[in-house]
1. Relative contact order (percent) for the stretch 53-122, with alpha-carbon contacts under 8 angstrom and 6 or more residues of separation?
2. Tell me, rounded to the nearest percent, the portion of alpha carbon pairs in the chain spaced more than 30 Å apart.
3. Exactly which GluC sites (Glu not before Pro) in the stretch 190-259 are in a DSSP loop and have at most 13 other Cβ atoms within 10 Å?
4. Between their Cα atoms, which of Lys34/Lys134; Lys32/Lys255; Lys142/Lys184; Lys142/Lys241; Lys60/Lys134 are more than 23 Å away from each other?
5. Would you mind calculating the relative contact order of the chain from Cα pairs under 8 angstrom and at least 6 residues apart, reporting the percent as a whole number?
6. Could you check the simple spin-label distance between Lys47 and Ala115, using points 7 Å along Cα→Cβ, in nm with one decimal?
7. Considering only protein heavy atoms and a probe of 1.4 Å, how much of the accessible area of the stretch 121-259 is carbon and sulfur, as a whole percent?
8. Based only on Cα atoms, what mean projected area does the convex hull of the stretch 132-210 have, in nm²?
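The values are calculated or read from the model by the stated rules, or taken from the named source; none is laboratory data. Computed from a predicted structure; not experimentally measured. Using ideal geometry, Cβ is built from the backbone for each residue, glycine included, and neighbour counts are taken over all protein chains shown. When the accessible area is computed, the model is the full protein with side chains, heavy atoms only, and any ligands, DNA or RNA have been set aside. Shrake-Rupley method; radii C 1.70, N 1.55, O 1.52, S 1.80 Å.
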Amino acid sequence: MIGGVSALAMAQALFPRYADAQTISFTDSRIKAKYVEYPSPGGNSGKMRGYLVQPSGAGKFPAVLVIHENRGLNPYVEDVARRAAVAGFVALAPDGLAPVGGYPGNDDDGRTLQAGLDQAKLRQDMVNGALWLKKHELASGKLGATGFCWGGGMVNNLAVAIGADLNAGVPFYGAAPATADVAKIKAPLLIQYAGMDERINAMWPEYEAALKAAKVPYQMYRYDGTQHGLHNNSTPRYDEKSANLAWERTIAFFKQHLA
């Protein structure tokens, strides 16, 4: 019995705690938020759905695409979009699971659904979201992108895919793009890594060499003692000090390059 209770408690401790982790309410008076649909040619269904958040007041605003992890648009990523809007950006967080009904309400099922998608078409859905946001009536024409885990890798690949249409990228612990493609990157990058993230960090030396060879402007920060997912404040991997510093750096970088 004691063992059973202990095992249950341990399992529950690993579940994301989204209600406790919300930092900006969806009813916050500083922002306006809504779900939007837009065309996505070449994606998994030809259309997409996302969470669009703007600062209250008159636009236009610099734009930031917020790309989710490998489990769809969960409440944590929606909260990140609201944080970006509070900082003065119009933010779009696409839901890559929209073609299969959207984020299912829990991360385990979301992870399974995302793994079952055509991955090339999923990447195209993210590219289409970026280009749709850049041209949005609320947007100034300057576009940044940030993302986490799978989304961090997608930021790197987005920088390859759209070249000069991206004005700044901030990947969090994301897989590096193909070395041969790095020369296509035109946006300055702020690259953020966890200290204890062996698989992702092993990609950095080759990625850095390619960035230098292509003369891509970049900054890199590694947060010692932290785990992959350090920014996600709904999970036990969250590191408050490092997450806050990383986000401060993210906003400063976007303000520098998207003004």
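1. 37
2. Pairs farther apart than 30 Å: 23 percent.
3. For GluC sites (Glu not before Pro) across the stretch 190-259 that sit outside H, G, I, E and B with at most 13 neighbouring Cβ atoms in 10 Å, the list is empty.
4. Distance filter (> 23 Å) returns Lys142/Lys241.
5. 16
6. Placing both labels 7 Å along Cα→Cβ, they lie 3.0 nm apart.
7. 50
8. Here the figure is 5.1 nm², rounded to one decimal.
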